[in-house]
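The structure appears right after this line, and notes come after that.
The values are calculated or read from the model by the stated rules, or taken from the named source; none is laboratory data. Keep in mind it's a predicted model, so treat the numbers as computed, not measured. Cβ placement follows ideal geometry from the backbone for every residue including glycine, while neighbour counts extend to all protein chains displayed. Heavy atoms of the whole protein, side chains included, go into the accessibility calculation; ligands, DNA and RNA do not. Shrake-Rupley method; radii C 1.70, N 1.55, O 1.52, S 1.80 Å.
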Amino acid sequence: MQSRLEQAAALGQKDKGPAFISIINEVISRPDQSTVAEDIQALVGFVVNQDSSVGLVVGRQVLSELVRIIGEGTISDPEIRKRVVQETIDIVQPKIVSYEEQISTLRFQLADIYENEEEWSDAARVLMGIQLDSNQRSLPDGEKMRVYVRIVRLLLEDEDSVQAESYFNRAQLLVHSTTDKETLLQFKLCQARISDYSRKFLEAASRYHELSFIADIDEEERRHMLMAAVTAAVLAPAGPNRSRVLASLYRDERAAEISTYNILSKMFLDHILRPAEIKEFEGTLKPHQLAKIAISSNDRVATSTNDEEIENHSDPPISTRTAPTTVLDRAVMEHNLLASSKIYNNITFRGLGALLDLTPGAAENMARKMIEQGRLRGTIDQVDKLIWFEGNREEDDAQGKAGGLGEVEDAEDTGAPFTKRWDAQIRVTAANVESIVQHLTERGLIRVPVQA
């Protein structure tokens, strides 16, 4: 091989290129391809490194033809093809200034090979090596964005969300530069997945749900988007914002067909979730959604202090857990706390701890944080060890007018919140009883006695 390369280099300048190209064709067309990689490696090394006898113009011509031949799939064996591409890149990389276009094309080919083999991180690293902003070769912004989005997608396949987010930020700066539907859809999907990996579950749920309506996406893929939206909404922090997202998903007619509809309906209707339902839902989660969460030092101190004040040595603790351990744990506990506020007027710290499977101090700490963040309406009475929940006043008023009593005059403001709450409960109960009596009378199930 070496003597043939030297003979080709000794030809005239116009004949050198065709001579080297004919050697390439001959090597690749051999029936026995066991030595193809070694011979191509020798040819590329000779052409690239022998500047004095070959020249840059001939080198580019030969390398461009080799890239074209490889891209056409002339080398049938995938392992040999991958080796040829890898070794060619390694040889030419030190002279990237002279052969930048050829190296970039080879990197795209190698990324395709790795992606077909599901080697996501390797494919992403190969694409990262492409110089998109060099002085020698300028790519349009739309092409740069396409490459960045592909890198993000590959990194997310291996759950490398940190590095994926840095390349997503680059793509976000160029999103205005393209009108290609496929690229924009991949960008939106990457955006939703990064929010999911970053535990911004409310944002992820909204984006997944939006994607599930796009007709250009396959029906099965849209169903997966809807399931991802439900999962993200369930894992989101309990509160008014999550309730709005849950309402949007619950009213989607397609939601009834997915496997997680049961937990979605219970979340939306503020039903308390049971361990068996949680265990079933846990089996549908991805590894990053089962990530462990660490309790902060402030919460640890607050919990231990509260437990020391609350615990009565004559009563053994119901639970020894001081905090949720996973993202799902926290979401379920916060939901059950919010659901209990719809059932009870007040609850003791110990009772709430039993409901949430936490120590009383940890239960109080969770309620305190939710009240501080505006996700739970209530007050904490640390003297009596009680949490008082505040109901929705507008809802109570509406229910008070629903039983045929008409407009109920507001009671005198005595300034006593518990008295006012008791009066409101009596009003609601009387209205509900009146409504039931009316329905029974209309159906002829009861008779009103006629006075003589």
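Packing around the peptides 383-389, 64-70, taken as the average count of other Cβ atoms within 10 Å per residue, puts them in this order, highest first: 64-70, 383-389.
Give, rounded to the nearest 20 debye, the magnitude of the charge dipole that the stretch 120-186 has about its Cα centre when Lys and Arg contribute +1 at Cβ and Asp and Glu contribute -1 at Cβ.
Values: 8 positive and 11 negative charges, 54 e Å.
Value, rounded to 20: 260 debye.
Using the Cβ-Cβ distance between Glu221 and Thr320 with R0 set to 41 Å, the FRET efficiency works out to roughly 0.40.
Which shape class, rounded, prolate or oblate, goes with the stretch 1-128 when its Cα gyration tensor gives a ≥ b ≥ c as root eigenvalues, a/c under 1.5 marks rounded, and past that a/b bigger than b/c marks prolate? Verdict is oblate for the stretch 1-128. Phi-derived couplings, Karplus 6.51 cos²θ - 1.76 cosθ + 1.60 at θ = phi - 60°, listed residue by residue for the stretch 232-242: 5, 5, 5, 7, 5, x, 5, x, x, 5, 5 Hz, with x used for Gly and Pro.
From most to least packed by mean Cβ count within 10 Å, the peptides 434-442, 154-162 give 154-162, 434-442.
Ordering Val327, Tyr99, Leu5 by Cα displacement along the dipole of the chain toward the positive end leaves Tyr99 in first place; charges were set at the Cβ atoms of Lys, Arg (+1) and Asp, Glu (-1).
Quick check: convex hull of the Cα atoms in the stretch 86-204, volume per residue, rounded to a whole Å³?
In the stretch 86-204, the Cα hull volume divided by residue count equals 102 Å³.
Note on Ile343/His439: beta-carbon distance plugged into 1/(1 + (r/R0)^6) with R0 of 35 Å gives a FRET efficiency of 0.90.
Spin-label model, Gln131 to Asp180: label points 7 Å out along the Cα-to-beta-carbon direction sit 2.3 nm apart. Dipole magnitude for the chain: computed about the Cα centre from +1 point charges on Lys and Arg Cβ and -1 point charges on Asp and Glu Cβ, it is near 280 debye. In the chain, helical runs assigned H by DSSP with n ≥ 4 each contribute -39500 (n - 2.57); averaged across all residues and rounded to the nearest 500, the mean residue ellipticity at 222 nm is -20000 deg cm²/dmol. Projecting each Cα onto the charge dipole of the chain (Lys/Arg +1, Asp/Glu -1 at the beta carbon, about the Cα centre), which of Ala37, Ile151, Ser259 comes out farthest on the positive side? Result: Ile151, furthest along the dipole toward the positive end. Each peptide in 358-369, 221-232, 273-284, 74-85 receives the mean, over its residues, of other Cβ atoms within 10 Å, and ordering these scores from highest gives 358-369, 221-232, 74-85, 273-284.
Between 0 and 90 degrees, the angle of helix 297-310 with respect to the longest Cα principal axis of the chain falls at about 20 degrees. Remark: the chain carries 54 Å² of accessible area per residue (probe radius 1.4 Å; ligands, DNA and RNA excluded).
Between Ser53 and Ala10, what length in nm is gained on full extension when 0.36 nm per residue of separation is reduced by their alpha carbon distance?
That pair, Ser53 and Ala10, stretches by 14.7 nm at full extension.
Straight-line reach from Lys95: taking Cα to Cα under 30 Å and skipping same-chain neighbours fewer than 8 places apart, the lysines in range are Lys14, Lys16, Lys82, Lys144.
Straight-line reach from Lys385: taking Cα to Cα under 26 Å and skipping same-chain neighbours fewer than 8 places apart, the lysines in range are Lys342, Lys369, Lys420. A convex hull fitted around the alpha carbon atoms of the chain yields 252 Å³ per residue.
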